[in-house]
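Okay, structure first, notes after.
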Amino acid sequence: MPDEQHGLNGKAMKKQTRRKPSEDSDTMRPEYDFSIGVRGKHAARYAQGTNVVVLEPDVAREFRTTEQVNEALRAVSKLLQQHRKRSGRKTA
């Protein structure tokens, strides 16, 4: 067609049409079964500002529980606060 625009590769630049999936078609894979799921199960905890951190394998071997990780981080935080007081400067 002579009215078509051509791209750098010489091929015609046509707009592609997007099909909307019909609302009644089931696109869920059969291996996903949410029939016994609980809606909003973790929403309250998430809203409280829970942070999820993925530990590297070497760190995870040393700190196996949440309590161990929190205890270690509190100790480091306390040391940082003491260091800031002594040096009179703020660290990130």
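Every read-out reported here was derived from the displayed coordinates using simple, explicitly stated rules and does not represent laboratory data. Just so we're clear, the structure is a prediction, and the values are computed from it rather than from any experiment. Don't worry about glycine lacking a Cβ; one is built from the backbone with ideal geometry, like all the others, and counts go over all protein chains shown.
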HN-Hα J couplings of segment 39-49 from phi, Karplus 6.51/-1.76/1.60, θ = phi - 60°, integer Hz, Gly and Pro as x?
-> 5, x, 4, 10, 4, 5, 5, 4, 5, 6, x
Could you give me the ³J(HN,Hα) list for segment 64-79, computed from phi with Karplus coefficients 6.51, -1.76, 1.60 and θ = phi - 60°, whole Hz, x at Gly and Pro?
-> 8, 10, 4, 4, 5, 5, 5, 4, 5, 5, 5, 5, 5, 4, 4, 4
Quote to one decimal, in nm, the extra length available between Asn9 and Arg29 on full extension: 0.36 nm per residue of separation minus the C-alpha distance between them.
-> 3.4 nm
Going fewest to most other Cβ atoms within 10 Å around each Cβ, Glu56, Glu62 line up as Glu56, Glu62
